[in-house]
Amino acid sequence: MANTASARKRIRQNERRRERNVARMSRMRTFIKKVELAIQSGDKSAAAEAFKVAQPEMQRAAGKGVIAKNTISRKLSRLSARVKALATA
């Protein structure tokens, strides 16, 4: 257990940050699921709209350091490709 005041403070800060990060990650996953559902339903406009809303949320998570920037880039690229493929199909 922490013995110094600074260590106790660090524990409190880490817990607050963890809760924030969990919330951000959950929010991001929810937006991704909305895009996935729209793609599965085959609705082009709904998928494009859901992707347009999800993209900034995902980039915000990367900007806050919740998830790696390259990971978000990869996920966005793959989602975008799936939405575009739906549009051409």
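The values are calculated or read from the model by the stated rules, or taken from the named source; none is laboratory data. Quick caveat: nothing in here was measured; it's all calculated off a predicted structure. Every residue, glycine as well, gets a Cβ built from its backbone with ideal geometry; the counts of neighbours run over all protein chains shown. The protein model used for the area step is the full one, side chains on, heavy atoms only, and it has no ligands, DNA or RNA in it. Shrake-Rupley method; radii C 1.70, N 1.55, O 1.52, S 1.80 Å.
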Being surrounded by 15 or more Cβ atoms within 10 Å (Cβ to Cβ), of a type in the set (D, E, K, R) and at pLDDT 95 or above narrows it down to one of Lys34, Lys52, Lys44, so name that one.
-> Lys34
List, please: which pairs have Cβ atoms under 7 Å, are six or more places apart or on different chains, and start with a residue in region 66-87 that is polar (S, T, N, Q) and end with one that is assigned to a helix (DSSP H, G or I)?
-> Ser80/Phe51
For residues that are on the phi < 0 side of the Ramachandran plot and out of contact with any helix residue (DSSP H, G or I) (no Cβ under 6 Å at 6 or more places or on another chain), scanning just region 65-75, find the one that is most open to solvent (accessible area, probe 1.4 Å).
-> Asn70
Any residue at all in region 35-54 that is part of a loop (DSSP other than H, G, I, E, B), touching a Gly at 6+ places or on another chain (Cβ under 9 Å) and small (Gly, Ala, Ser)?
-> no
Single residue of Met25, Met58 found to be exposed (fewer than 15 other Cβ atoms within 10 Å of the Cβ), in contact (Cβ under 8 Å) with a residue 12 or more places away in the chain and assigned to a helix (DSSP H, G or I) | Met25
Residue among Ile67, Ile72 that alone is modelled with pLDDT of 95 or more and outside any helix (DSSP H, G or I) | Ile67
Name the single residue, out of those in region 1-22 being in a loop (DSSP other than H, G, I, E, B) and of a type outside the set (Val, Ile, Thr), that is most open to solvent (accessible area, probe 1.4 Å).
-> Met1
